[in-house]
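Accompanying notes for the structure given below.
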Amino acid sequence: MPFQIQEGWTEKVLITDVTRMQGKRVCVAGLDREGNGIRPVLQYGTVMSDHLYKHGKLLIAPRNVVEFCCTGKIERPPHTEDHVCDFALARLEKALTEEQMERFLSKSCFDSVDDIFGEKLTEGKYLKPGTGKRSIGTIRARISSVDLSSQRIGFYDATGTFYPSRKVTDLSFHAFAEDWSRSPQKDAAQEKLNRMLRDANQVFLRLGLTRPWAKAKGEPECCWLQITGVYSFPDYLDGRNFADFGEPGQAGSRQPIKEQPSKGPAVSEGFISEPKESFSLETIRKTYPRAYRPWSDREDSSLAEDFHSGITIDELARRFGRQPSAIRCRLATLGLQ
């Protein structure tokens, strides 16, 4: 299904997957309030590691709940989770604690690897393009082995099905492995990690399917299974993420963006239980009469003038009858923010 432009909306996404691709390219994925997978993508181009930062500070990282402004969806099975977003307008809502993250991952679990994708993987390794219902999901896993040198993990899902030596693309795991490679006692450090993951109270793996590619010339393209997130409780990373190991090109930029104050339910319940906002046009226009209507030249001129005079986003939203996210989007379009 080609890209379909829709009336703009916002999605609050719990970041669960930040994965390494070639060069500085990365892939980001997460969960909405109901535990459904969402993969923020760009309409044009590829998400790069620089997109994870805002004003030099880390924004998009595991456990962060980030609000994205979305303009459309792309569905090409099994990749049905792609949401076209403007990363420049992303903002932090809150960061979950280890306990909250454990609870939410537990609620979003599938019973088996095949249940995630809605179809049985061929040889436990891949799906053909155009098949399957999903391309990302969570399982509760029992770890068999961890090899930091090859960055692979063998595991059992909850049904007892064994998946030997699957590739890990989790950026935090990669950073941990690169840090381990500089250790003078690598064997002891790797054995310690193996024991920790095997003995953990719970281990959740985020699993994903690659975009279609062929392993060799002349072979058919397939969507290959990979491990896109590794979560243990207790946390094998001890609260760290990829940036804490010195992500290349972001030296001195490890300080997280300050969390927004929590509103409504307590943070421990907020993202998990708060009801999803209704984004029906009729409901929105009761509060914002001009929501999703085209901007006129006169409105653009007035918006620029009011913004330069120091009027707040909330007040601009009231004056122009549009949502705060729409005001921020328009200011960015006009090059004012």
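Bear in mind that the values in this text are calculations on the coordinates, not laboratory data. Computed from a prediction, not measured in an experiment: that's the story for all the values here. Positions of Cβ are backbone-derived with ideal geometry, glycine not excepted, and every protein chain shown enters the neighbour counts.
In table form, for the structure just shown:
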{"read-out": "Inter-centroid distance (Cα atoms) of region 165-198 relative to region 45-61, Å", "value": "25"}
{"read-out": "Inter-label distance for TRP295 and ALA189, nm, one decimal - labels placed 7 Å from Cα along Cα-to-Cβ", "value": "4.9"}
{"read-out": "Among ASP17, ASP115, ASP179: highest mean-square fluctuation, GNM of the chain, C-alpha pairs under 10 Å", "value": "ASP179"}
{"read-out": "Rounded to 5, the percent of DSSP beta bridges in the chain classed as antiparallel", "value": "90"}
{"read-out": "Most fluctuating residue given options LEU316, LEU89, LEU171, as computed from a GNM of the chain linking Cα atoms under 10 Å", "value": "LEU316"}
{"read-out": "Length released on extending from ASP306 to GLU75, taking residue separation times 0.36 nm less the Cα-Cα span", "value": "79.2 nm"}
{"read-out": "Paramagnetic label zone (point 7 Å from Cα along Cα-to-C-beta, GLN202; backbone N under 12 Å) in region 58-99", "value": "98-99"}
{"read-out": "Three-way shape call for region 1-117 based on the alpha-carbon gyration tensor, with the a/c threshold at 1.5", "value": "rounded"}
{"read-out": "SER181-LEU42 pseudo-label distance in nm [points 7 Å out on the Cα-to-Cβ vector]", "value": "2.6"}
{"read-out": "Overall form of region 70-191 per C-alpha gyration tensor (a/c, 1.5; a/b vs b/c)", "value": "oblate"}
{"read-out": "Helix-only CD estimate at 222 nm, as mean residue ellipticity for the chain, using -39500 (n - 2.57) per DSSP H run (n ≥ 4)", "value": "-7000 deg cm²/dmol"}
{"read-out": "Shape call, the chain: gyration tensor on alpha carbons, a/c limit 1.5", "value": "prolate"}
{"read-out": "Projected label distance in nm at ARG319 and THR159, using a 7 Å step from Cα toward the beta-carbon", "value": "5.9"}
{"read-out": "Choice from ARG298, ARG39, ARG198 showing the highest fluctuation, given a GNM over the chain with Cα pairs closer than 10 Å", "value": "ARG298"}
